[in-house]
Amino acid sequence: MYIVDKLVFAYIIKIMIENYTINSTILNQIYHFSRLYERLYLVDPESGWFKEAIEISTHMSSFSAVTFDKKLLENKSLLRSEEAVREIFDQDLYKQYNSYKGVLKELEHKKSEEYSIEKIMAIHKEVMGVKSSGLRKNERTISKVVVQNDVYKTIELKVKSKPSIIRKDLKYFIEWLNSNSFQLNPIVAGGIAHIRLAQIHPFDDGNGRTARIFENLLLLNSGIEYYKLIPIEMYYLKNIEEYYDLIENSIAERDLTKWLEFYTEGLLSSINSSFDLIRKLSGNTIDLVNRKVVDLTEREIEVIDILNKSIQASGAEIANILKVTRQNINVILKRLEQKKVVEKIGQGTSSRYTLRK
C-alpha cells in the first residue's frame with residue numbers, strides 16, 4: 001500500500017538542516033499502522049457506528065488540541081460529550097475547541113497537490129477563528145508545561161527562530177515539501193512538517209494547532225481519507241511532557257529520529273484507540289484487530305445500541321423501547337445469542353440481556 005514506501009528505507013537522509021534515521025522502530029510502526037489502517041475498509045462507511053466513531057474521534061482530537069491539562073483525560077464524559085466540554089472550558093477555550101473541530105471536519109475541502117505559505121496562513125486563520133492571520137513580527141517566548149510531583153508548572157522558553165527570516169524559512173520548507181511530496185512516505189512527511197512548523201514558529205499563537213492540522217492535511221492528500229479516526233492530538237496530550245522535550249531536543253540536536261519514533265508510535269496508538277471505540281460502539285460485532293465483522297439486521301443493531309446504553313435490559317424493556325411485540329423481540333434476541341453477541345442472565349420473567357464481553 002502507498003503508506004509503506006521503499007524510498008524511506010535509506011538509513012540517513014538529509015532534510016533541510018536536520019538529519020533523521022529511518023530505523024527498525026519507525027519502520028515497524030509505519031508497517032503496523034498501514035496494516036491496521038487497511039482494515040477500516042472492512043466497515044461500511046455509511047454505518048451508524050462508523051459515523052459515530054468519526055464524530056467522537058473528531059471531538060477527542062479537538063478537545064485534546066486546545067488544553068495542556070492531561071488530567072482531563074481521566075474524565076471519561078469529556079471524551080464523549082461536547083456538553084461536558086462546554087461546562088468545563090471557559091469561553092475562550094471553548095471557542096478554540098469549536099474552531100479546531102470545524103477545521104478538522106472540513107479539511108477535505110482543502111485537498112490539493114501543491115502547498116503554499118498562503119495555505120498554512122489560511123489554516124491558521126481558521127484554527128484561531130480570526131478574520132486575518134499575519135506572520136509573527138516580534139521575538140516570542142512560549143509556555144512549556146511540565147509536571148513535577150503531580151504539580152503542573154509552566155516554563156517560559158524563548159523561540160530561537162527570528163521574525164525576520166520566518167517567510168524565508170517557510171518558503172524553503174514549502175519548496176522542499178512540494179518537490180518531495182510524491183516521493184516521501186506520507187507519515188514521515190507529516191512528522192517532519194509538524195516539527196518544522198514548530199521550529200519556525202510562524203505565528204504569535206496557535207502554532208501547535210496549525211502544525212497538527214497541517215500534518216492531517218498531508219495524510220489526507222496522500223490518500224489516508226479516514227484521518228479523523230487517527231486522534232493523535234489525544235496521544236500528544238497524554239504524553240505532553242515527552243512531546244515538548246522531543247520537539248525541543250530534536251531542534252537543538254538537528255536529528256528528528258526520536259521525534260519520528262514518537263510520532264509513528266502516536267499514529268499506531270491512535271488508530272488502535274479508534275478500533276477499540278468502534279468495537280465498543282458495535283457491541284463487539286466489529287473487531288477490526290481480529291478482522292471480525294458480524295452481519296446484522298437493522299433491528300439487531302437497534303437492540304445492540306439499547307444494550308450499549310443500558311448495560312442490561314429485559315426483553316420486555318427492549319420491546320417497549322422499539323415498540324414491537326415481545327414475541328418479535330424474543331426472535332431477535334435469540335438470533336443475537338446464536339451470533340454470540342448477547343448473553344442471557346437469569347431465567348423466566350426475571351431474565352435480562354447484556355452484551356458479551
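The values are calculated or read from the model by the stated rules, or taken from the named source; none is laboratory data. What you are looking at is a predicted structure, and each value in this text was computed from that prediction instead of being measured. Cβ atoms come from the backbone with ideal geometry, glycine included; neighbour counts cover every protein chain shown.
One line per residue, one yes/no per condition, for (1) out of contact with any helix residue (DSSP H, G or I) (no Cβ under 9 Å at 6 or more places or on another chain); (2) closer than 30 Å to residue 35 by Cβ; (3) of a type in the set (Val, Ile, Thr):
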{"residue": "315", "(1), (2), (3)": "no, no, no"}
{"residue": "324", "(1), (2), (3)": "no, no, yes"}
{"residue": "336", "(1), (2), (3)": "no, no, no"}
{"residue": "344", "(1), (2), (3)": "no, no, no"}
{"residue": "347", "(1), (2), (3)": "yes, no, no"}
{"residue": "350", "(1), (2), (3)": "yes, no, no"}
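Given the structure, is residue 99 small (Gly, Ala, Ser), in the same structural domain as residue 225 (by TED's automatic domain parsing) and touching a Lys or Arg at 6+ places or on another chain (Cβ under 6 Å)?
no
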Would region 224-236 turn up any residue that is buried (at least 22 other Cβ atoms within 10 Å of the Cβ) and among the acidic types (Asp, Glu)? yes
Taking helices (runs of 4 or more DSSP H) that do not extend beyond region 76-144, which have at least 2 residues that are over 19 Å from the mean Cα position of the chain (by Cα) and surrounded by fewer than 12 Cβ atoms within 10 Å (Cβ to Cβ)? 82-88, 91-105
Within 18 Å of residue 229 (Cβ to Cβ), touching a helix residue (DSSP H, G or I) at 6+ places or on another chain (Cβ under 8 Å) and surrounded by 17 or more Cβ atoms within 10 Å (Cβ to Cβ): which single residue out of 271, 304 fits that description? 271
For region 299-323, give me each residue that is on the phi > 0 side of the Ramachandran plot and within 30 Å of the chain's Cα centre (by Cα). 311
